[in-house]
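For reference, the structure discussed in these notes is given below.
The values are calculated or read from the model by the stated rules, or taken from the named source; none is laboratory data. Because the structure is a prediction, the values reported are computed rather than measured. All Cβ positions, glycine included, derive from the backbone under ideal geometry; neighbour counts span all protein chains shown. Accessible surface is based on the protein model in full, side chains and every heavy atom, while ligands, DNA and RNA are left aside. Shrake-Rupley method; radii C 1.70, N 1.55, O 1.52, S 1.80 Å.
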2 protein chains.
Amino acid sequence: MRERGLIQVYTGNGKGKSTAAIGQAVRAAGHGHKVGFISFFKDPDVFGYGEYRSMEQLGITIFLFARKHPHFYRELDPEEVCEECCRGLDFIRELLLDLSWDMLVLDELNIALRDGFLKEDEVISLLDAKPQKLELVLTGRGVPQRIVDKADLVSEVMEIKHPYSQGIQSREGIEY
Amino acid sequence: MRERGLIQVYTGNGKGKSTAAIGQAVRAAGHGHKVGFISFFKDPDVFGYGEYRSMEQLGITIFLFARKHPHFYRELDPEEVCEECCRGLDFIRELLLDLSWDMLVLDELNIALRDGFLKEDEVISLLDAKPQKLELVLTGRGVPQRIVDKADLVSEVMEIKHPYSQGIQSREGIEY
């Protein structure tokens with residue numbers, strides 16, 4: 001068993017951030033580690049995200065908060081999204097008290113931060129509450145510098161070329 | 001079912017390239033797609049790579065070529081490594097003739113290229129032989145410009161911060 005879990009961040013404007021976090025979760029699960037995958041702004045009822053099906057099959061526990069982002073759903077009340085993100089953060093805080101978790105992925109948490117649905121101070125104090133052995137993986141573009149400073153590993157995924165610019169839409173089995 | 005599969009490349013010096021490819025494979029498998037994961041320079045007998053266990057559980061087929069890289073095994077005969085990489089390429093060429101595959105990941109193929117174990121022309125002609133519906137995912141740092149030109153999606157994973165620089169070694173469930 002590992003001595004110390006780290007804080008990993010996948011940020012940047014390119015494709016591969018959540019995808020790498022899925023890879024991390026799957027790798028850890030392959031060693032029998034207990035993994036939770038907490039996503040913000042992902043709605044499996046809209047996209048049939050294949051990754052959640054696969055991860056559940058591997059015993060990874062999925063938690064979803066604030067499934068819809070106001071950028072795509074203009075009718076949403078930002079106040080409500082804010083509350084849902086806070087509920088998500090409270091929930092993660094609870095998870096940190098359960099020392100049986102080996103890895104928690106906080107997927108798109110950076111987006112919740114960037115868009116003002118969560119406060120930087122709250123997330124920083126969450127990171128401070130990380131149990132020693134737990135590996136925390138944060139994803140999403142626009143990570144604040146204070147989180148970079150706290151993290152042990154930060155990868156920036158840069159878009160060099162993206163098929164959207166060729167007019168190719170989001171595809172089943174690839175983007176979701 | 002998708003109309004056209006693309007060529008994706010994950011390159012750069014940061015952590016998250018093979019990890020993103022694992023995520024891609026897992027996502028596709030979650031939709032019942034037929035996925036093959038072909039790795040170069042990965043030896044599960046040395047590291048008990050958790051990802052291979054998980055991917056096999058999801059019905060993803062794993063193929064391994066040139067498991068050891070001369071950089072880490074000085075006693076290896078580069079000629080032999082070269083032959084093994086060519087065998088790998090021949091094998092992938094055969095796989096392309098089997099139209100039932102939805103996705104093939106060519107993990108660390110870029111390294112085989114970068115280190116001169118494979119010829120650029122051969123890989124380019126492999127990409128040209130991609131069946132229409134197949135999604136091809138290449139990983140590894142140092143991808144040549146001609147492959148970038150051929151690809152539809154290229155993400156460069158940049159190292160912003162890496163725990164190795166803090167003296168933290170490769171960890172089970174995280175790096176393998």
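Rg then Dmax, both in Å and based on the Cα atoms of the stretch A:58-110: 13.1, 39. Ranking A:155, A:66, B:8 by how far each Cα lies toward the positive end of the dipole of the protein assembly as shown (charges on Cβ) leaves A:155 at the top.
Restricting everything to alpha-carbon atoms, can you work out Rg to Rh for the stretch B:7-157 with a Kirkwood hydrodynamic radius? Before the final figure, lay out each step's value.
Working: Rg = 14.4 Å, Rh = 15.4 Å.
So for the stretch B:7-157, dividing Rg by the Kirkwood Rh gives 0.93.
For the chain pair A and B, the interface hides roughly 4500 square angstrom of accessible area in total, found with a 1.4 Å probe. Magnitude of the charge dipole for the protein assembly as shown, about its Cα centre and with charges confined to Cβ atoms of Lys, Arg (+1) and Asp, Glu (-1), is about 100 debye. Note on the stretch B:124-138 and the stretch A:52-79: Cα centroid distance 33 Å, given to the nearest whole angstrom.
Take peptide A:4-13, look around each residue's Cβ out to 10 angstrom, count Cβ atoms belonging to other protein chains, and average those counts. If you can, show how the numbers build up before the last one.
Details: counts 3, 3, 5, 2, 6, 2, 6, 2, 7, 1.
Per residue, the number of nearby Cβ atoms from other chains is 4 on average.
Dipole magnitude for the stretch B:84-176: about 200 debye, using +1 per Lys or Arg Cβ and -1 per Asp or Glu Cβ, origin at the Cα centre.
Hey, got the average number of other protein chain Cβ atoms within 10 angstrom for residues in A:43-49? Don't jump to the answer; show the numbers that get you there.
Details: counts 0, 0, 0, 0, 0, 2, 3.
Counting Cβ atoms of other protein chains within 10 Å of each residue's Cβ and averaging gives 1.
Less than 5 angstrom separates the built amide H of residue B:5 from those of B:133, B:134, all sequence-distant by 5 or more or on a different chain. Taking the alpha carbon gyration tensor of the protein assembly as shown, multiplying each eigenvalue by 5 and rooting it gives semi-axes of 33, 23, 18 Å, largest first.
Taking amide H as placed 1.01 Å from N in the peptide plane, the amide H of residue B:154 sits under 5 Å from that of A:160, A:161, A:162, B:9, each at least 5 places away or on another chain.
How crowded by other chains is B:31-40, given as the mean number of beta carbons from other chains within 10 Å of each beta carbon? Can you show the working numbers first?
Working: counts 10, 3, 4, 0, 1, 0, 0, 0, 0, 0.
That works out to 2 on average.
The phi torsions of the stretch A:140-149, fed into the Karplus equation with coefficients 6.51, -1.76 and 1.60 and a -60° offset, translate into couplings of x, 6, x, 5, x, 4, 5, 6, 4, 4 Hz, rounded to whole numbers, with Gly and Pro shown as x.
Estimated purely from DSSP H runs of n ≥ 4, each contributing -39500 (n - 2.57), the mean residue ellipticity at 222 nm for chain A is -10500 deg cm²/dmol once divided by its residues.
For the stretch B:46-55, putting each phi into the Karplus relation 6.51 cos²θ - 1.76 cosθ + 1.60 with θ = phi - 60° gives couplings of 8, 9, x, 2, x, 5, 5, 4, 5, 5 Hz, in residue order, rounded to whole numbers and with x for Gly and Pro. The GNM of chain B, with springs linking C-alpha atoms under 10 angstrom apart, assigns the highest mean-square fluctuation among B:58, B:76, B:127 to B:76.
What's the ranking of A:101-108, B:132-139 by average number of surrounding C-beta atoms within 10 Å, highest first?
Values: A:101-108: 25.2, B:132-139: 22.5.
In decreasing order of mean packing, A:101-108, B:132-139 become A:101-108, B:132-139.
Counting protein heavy atoms only, the stretch A:7-140 has 50 percent of its accessible area on carbon and sulfur, 1.4 angstrom probe.
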